[in-house]
Amino acid sequence: MKVGAAGRPRVMLYVALALWVPLAALIGGIALHARNANRAEAEARLTVIAHNLAVAVDGSLRTQVTSLQTLARSLPPDGSIDPVLVVQRARIAGDVLGGTLLLYGPPPANALLANSSAEPELLRDRIAAGAVAEATAAMVARIRATGQPALSDLFTSPVRPRPLVSIGIPVPGPEPGRRLHLAFEPVAIREILATLQIPPGVRVTIRDRGFRVIASSDPTRPPGEPMNYRWVPERLGQADQAVLTGPDGAGAPTMIAIERLDTDPGWVVMVSRPMADILASQMRGMGWPALGVALALLGILAVAWAARREQDLRAAAENGLLRDAQAQVTRLHAGLPAVLVLREVDAEGRSTRMLYRAGDVEEVLGWPAAGLGDDAIGDLAETPGDLRRFRIDVARDGQARMDLRIRQPDGGWRWIRLRARRLRALPAGGAQTVGYVVDISAERAAQRQAQQASRLDSMTEMAHGLAHELKQPLQAAMMMAGTAEVHARALSNQPALPDALRPTVTALKTALEGCMDQISRTGRLTEHLRRFARGPVEGAPPEPVDLAETIDDALRPLRRGLAADGIALAVDLGDPVPVVMGHSIGVEQILINLLNNARDALAERPADAPRRIRVSAEPDPAGGAVLLHVADTAGGIPEHIIDHVFDPLVTTKGVEEGTGLGLAICRSLARDMDADISVRNGEEGAVFTLRLPVATPIRA
């Protein structure tokens with residue numbers, strides 16, 4: 001069929017329409033796909049941010065939970081509570097963890113047994129009322145129902161008018177229901193949030209089970225602000241993760257990614273972005289399809305080129321998103337106090353391929369990451385065979401956990417904990433595994449110290465009981481010896497007593513008087529032992545203390561041991577001897593601890609080295625106080641430790657010898673009587689100085 005010139009435009013129009021309609025439909029489909037892909041990309045971005053933040057916050061909270069569980073295990077397993085000792089430990093642990101520690105008894109009384117607050121009476125009267133009880137009710141219910149750690153809602157303490165949260169854990173023992181709480185400001189959580197690189201237009205919020213703000217990337221949202229998305233709790237339900245769309249407080253549509261924390265599902269991480277921003281991004285993503293429509297009118301080749309170009313751009317965008325997500329995950333992992341490992345192992349437990357490793361390697365393993373190979377733990381392990389068996393167990397059973405010692409650059413050892421799971425089985429009995437490694441040296445040390453502290457408690461109770469049991473027999477012996485001495489004196493005064501018996505009666509009377517003196521001395525010693533075992537009374541005001549008498553009491557049980565070790569002891573308290581304000585038992589306990597430390601340090605010196613301890617007192621040049629010095633010739637304390645010797649868990653002794661608690665207890669005793677203790681290195685050794693408020697001289 002031939003077409004004339006007049007019909008060619010119409011035919012060309014038909015051809016153009018025939019080409020344009022399917023191309024327009026094709027481009028419309030591409031635009032719809034681009035919109036859906038852009039929305040999925042937005043959901044993926046928000047979900048990755050929410051998950052990474054939840055992992056980081058869980059890691060920070062688990063560190064505190066581990067420290068609380070260590071302290072809980074140090075309490076007596078029979079349920080007995082020594083309030084003085086518990087408060088001392090609570091204050092030390094509270095200082096380390098940066099919060100207030102509270103120990104509660106079982107329900108229904110829920111008595112407050114101990115707390116580390118500076119105002120315990122005020123806290124005891126008001127802790128069960130108002131916002132604190134309301135905020136911690138769900139936490140207490142979760143602990144009682146599951147026996148697992150739990151988090152409270154945000155609250156304001158009566159004694160610390162700042163927003164706080166609380167971690168609670170159950171305390172093992174015969175009375176179920178005892179709990180240990182740590183109330184603290186969520187500063188670490190806000191610091192984790194500050195480290196995130198949040199894309200523009202995205203807001204990140206951490207909320208409690210009442211959906212109040214714990215921390216937010218939006219500086220206009222203060223802690224405690226209620227949530228303005230009222231539809232979120234109902235739509236979220238019991239799900240652990242979700243991506244929801246709905247109106248924000250101003251009614252603007254918003255996309256929100258939510259993930260609950262593993263530590264306590266009542267807390268959630270919310271990452272939101274206005275739908276207007278997402279739609280604007282979609283419009284920008286649809287620019288190429290619009291250009292394709294225009295090009296389609298110019299020809300099929302232009303449409304094909306536009307479609308290929310769109311495909312390439314989408315692939316590049318997806319690859320860029322994946323790289324950004326991987327980089328963000330790596331940055332988050334690098335700040336974790338753990339090492340994450342993805343590797344392949346063979347049937348013999350040998351590492352065949354390292355796929356991924358992230359985390360603070362030097363902090364956990366003690367070695368710079370740059371100098372370690374792919375199987376660093378296997379190279380450093382004290383028992384490589386145990387590590388291979390651990391990997392075999394993971395490949396066979398699906399998961400395993402073990403504690404292991406690894407060598408350190410200084411020749412020492414460090415305890416680490418490994419936990420891993422099998423991702424998939426490999427040929428010939430191998431497996432691909434994922435796991436993490438954490439440093440548990442502090443936990444191991446705390447366990448040892450808790451055991452030694454428990455033994456010390458038992459010895460204290462035994463000493464107190466022994467002194468009590470000896471008191472009545474000594475009194476009876478004194479009465480009987482006194483009666484015999486009276487009869488001997490009366491007999492010696494009888495005129496009818498034969499002269500031959502008078503020397504015997506006189507010797508009997510003298511022996512009875514000596515016996516009474518020794519019984520009296522033994523009674524004084526047992527009474528001193530009882531008072532020393534009991535310790536100073538908590539909260540008692542300082543009172544005048546005779547330094548000469550107190551130092552003599554402290555040296556009495558130590559003089560023979562010092563002399564046996566060849567240690568010369570010198571005491572110079574000046575003239576007149578000063579009287580200070582304090583607690584005599586507290587000063588005595590501090591002196592005994594310092595003298596024992598000096599003796600242990602001198603015992604490690606060469607046989608020909610001088611072994612001297614000098615106890616001296618002098619007025620404080622600043623006035624108003626007396627400086628009591630305990631100096632030795634043991635060479636001093638290493639410079640890298642001397643600034644931390646009063647911190648808990650710090651010791652210069654061996655693993656099986658030192659607890660790291662003695663000097664921390666000395667500092668606590670000094671503070672309880674308005675005194676201060678310090679240390680410096682002198683010419684020959686360490687010099688500890690106890691600064692005590694001065695009273696008045698008692699004798700010349």
Condition met for Thr220 (within 16 Å of Leu101 (Cα to Cα) and open to solvent by 20 Å² or more (accessible area, probe 1.4 Å)): no
Matching entry among Leu244, Leu297, Leu301 (being at pLDDT 60 or above and not hydroxyl-bearing (Ser, Thr, Tyr)): Leu244
Residue that is at pLDDT 85 or above, closer than 13 Å to Val341 by Cβ and over 23 Å from the mean Cα position of the chain (by Cα), where the choices are Arg391, Arg424, Arg396: Arg391
Residue pairs meeting the criteria (Cβ under 8 Å; at least 6 apart or on separate chains; first without any contact (Cβ under 8 Å) to a residue 24 or more places away in the chain, in the range 375-387; second open to solvent by 50 Å² or more (accessible area, probe 1.4 Å) and not in a loop (DSSP other than H, G, I, E, B)): Thr383/Arg405
Members of the range 640-677 found to be over 20 Å from the mean Cα position of the chain (by Cα) and modelled with pLDDT under 60, listed by number: Gly654, Val655, Glu656, Glu657, Gly658
One residue from Glu382, Glu348 being out of contact with any strand residue (DSSP E or B) (no Cβ under 9 Å at 6 or more places or on another chain) and either more than 18 Å from Ala428 (Cβ to Cβ) or not hydroxyl-bearing (Ser, Thr, Tyr) (or both): Glu348
Failed criterion for Pro606 (all others in (1) over 35 Å from the mean Cα position of the chain (by Cα); (2) crowded, with 18+ Cβ neighbours inside 10 Å; (3) not small (Gly, Ala, Ser) hold): (2)
Residue satisfying condition, being farther than 25 Å from Pro106 by Cα, among the hydrophobic types (A, V, I, L, M, F, W, C) and either open to solvent by 10 Å² or more (accessible area, probe 1.4 Å) or in contact with a Phe, Trp or Tyr (Cβ under 8 Å, 6 or more places away or on another chain) (or both), within set Ala188, Ala135: Ala188
Search result, residues across the range 191-210 that are in a loop (DSSP other than H, G, I, E, B), among the hydrophobic types (A, V, I, L, M, F, W, C) and either under 18 Å from Ser166 (Cα atoms) or touching a Ser or Thr at 6+ places or on another chain (Cβ under 6 Å) (or both): Ile198
Matching residues in the range 253-275 - criterion: being modelled with pLDDT under 85 and either of a type in the set (Phe, Trp, Tyr) or open to solvent by 40 Å² or more (accessible area, probe 1.4 Å) (or both): Pro265
Subset of the range 401-434 [in a strand (DSSP E or B) and open to solvent by less than 20 Å² (accessible area, probe 1.4 Å)]: Leu404, Ile406, Ile416, Leu418, Ala420, Ala431, Thr433
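The values are calculated or read from the model by the stated rules, or taken from the named source; none is laboratory data. Just so it is clear, the structure is predicted and the values come from calculations on it, not from any experiment. All Cβ positions, even for glycine, are placed from backbone atoms using ideal geometry, and neighbour counts span all protein chains on display. Calculation scope for accessible area: heavy atoms of the full protein, side chains included, ligands and nucleic acids excluded. Shrake-Rupley method; radii C 1.70, N 1.55, O 1.52, S 1.80 Å.
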